[in-house]
Amino acid sequence: MNLIEFRNFSLIKYNTLRLKSVAEVCYFPLNMEGLLEAVVKTQNRQRIFLGNGSNILLTKEFYDETYAFIITTMMNNIERNGAEIILDAGVTLHDLAWFAIDNEIGGYEFCEDIPGTAGGALIMNAGQWQWTISQYVRWVDVVDLDSLVITRIVPDSDFFQYRNSKFNQMNVVIARAGLKADKGDYREILERMLEFKKERYFKQPRNYPNAGSVFKRPTKGDETFFVWKLFDEVDLRGYQVGGARVSDKHPGFIVNVDHATCYDCVALIQECKNRVKNHFVIDLELEWRVIE
Ligand SMILES: Cc1cc2nc3c(=O)[nH]c(=O)nc-3n(C[C@H](O)[C@H](O)[C@H](O)COP(=O)(O)OP(=O)(O)OC[C@H]3O[C@@H](n4cnc5c(N)ncnc54)[C@H](O)[C@@H]3O)c2cc1C
């Protein structure tokens, strides 16, 4: 078996905001063959590819059969091949980090606490502080959704940008990747990993469901701004619509404090954008992908 199909499938466990939403058509490929099968079966539908759903906003409570969700989390093979880690799109960054440490491979400590998959990380060029996944990529295999051909991409130096990549201009789904495997010291890696985790838990609101930073850091002229500082100046810290709230602990996050709906989140985001635009003349851009 290469592919599992569900009908009327609850997406609550497949978006980290834990918004209630149902997909009439949903596929879980188990491997590359399954992914190709899913792509072929859904040619007449709007395909939504998901990893762990940790960077998305579902805007509908029901996605009818004109959509097809293809969730990669069951494509999760990871192995070492000499100087490379080869991993499927659905491998979580958490598992990547622990695989690396077990194999005394350094560099992936920043991944351990980012709750996405390799596919989602490559699309977004996920990262933390000075590290991004792009620094470790050697090649990426994608399925071209027009030709249904598997193509190997070796990214050049401007392929990845801040929380963005050229994958977003291509009609592809990421299937697997080859990453660098440079030697590291087990104890040093472990210490760094735990230190990062501690710092993140200290700063981020982990007591409520969320989907990480909501907006990209905006720029105006030569200046880059922290979203949370802008929000504090326009009294958005703690501001709530329905069950969705701008986090009191870290206003760069929106948290689901009480059965928030898709519509609560959409309305709260709009209010944040309006206040920042009216007060600072800055257009906020979402880091989240909106599933419309
Ligand atoms: C508590 C918390 C902390 C976070 N911290 C960070 C952080 O420090 N740094 C950071 O960068 N991000 C962070 N994030 C955001 C998020 O975890 C990352 O962006 C992650 O890489 C998203 O991966 P995902 O598998 O969840 O993607 P999803 O949310 O499932 O999808 C995101 C986008 O990628 C697309 N996509 C997913 N898989 C594929 C694929 N195989 N092929 C093609 N398209 C695909 C989806 O269609 C969607 O457009 C955080 C989120 C949370 C909840």
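Overview of values
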| item | result |
| --- | --- |
| Spin-label pair Gln135/Asp232, simplified geometry with 7 Å Cα→Cβ offset, distance in nm | 2.8 nm |
| Along each principal axis, Cα extent of segment 121-274, largest first, Å | 47, 46, 38 |
| Extended-chain gain in nm, criterion 0.36 nm per residue less alpha-carbon gap, Asn81 and Glu292 | 72.0 nm |
| Computed E for Asp102/Arg200 - FRET, C-beta separation, R0 30 angstrom, nearest 0.05 | 0.90 |
| Additional length obtainable on full extension of the chain from Phe62 to Met170, 0.36 nm per residue less Cα span | 36.2 nm |
| Distance in nm between pseudo-label sites at Ile150 and Ile12 (7 Å out along the Cβ direction from Cα) | 3.7 nm |
| J(HN,Hα) series, segment 248-262, from Karplus relation 6.51 cos²θ - 1.76 cosθ + 1.60, nearest Hz, glycine and proline x | 5, 6, 9, x, x, 10, 9, 10, 8, 8, 7, 6, 4, 9, 3 |
| Isotropic mean projected area of the C-alpha convex hull, the chain (nm²) | 15.6 nm² |
| Per principal axis, descending, Cα span of segment 18-154 in whole Å | 46, 33, 22 |
| Among Thr92, Thr66, Thr224: highest mean-square fluctuation, GNM of the chain, C-alpha pairs under 10 Å | Thr224 |
| Where labels lie 7 Å past Cα in the beta-carbon direction, separation of Arg217 and Glu285 in nm | 1.4 nm |
| Sum of -39500 (n - 2.57) over DSSP H runs of 4+, divided by residues of the chain (222 nm, nearest 500) | -7500 deg cm²/dmol |
| Estimated Rh, segment 78-201: Kirkwood, alpha-carbon pairs, angstrom | 14.7 Å |
| Candidates Gly238, Gly51, Gly82: whichever shows maximal mean-square fluctuation once the chain is modelled as a Gaussian network with Cα springs under 10 Å | Gly82 |
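Read-outs: derived from the displayed coordinates by stated rules, not from any lab. Since the structure is predicted, the reported quantities are computational estimates derived from the model, not experimental observations. We place every Cβ from the backbone using ideal geometry, glycine too, and count neighbours over all the protein chains shown.
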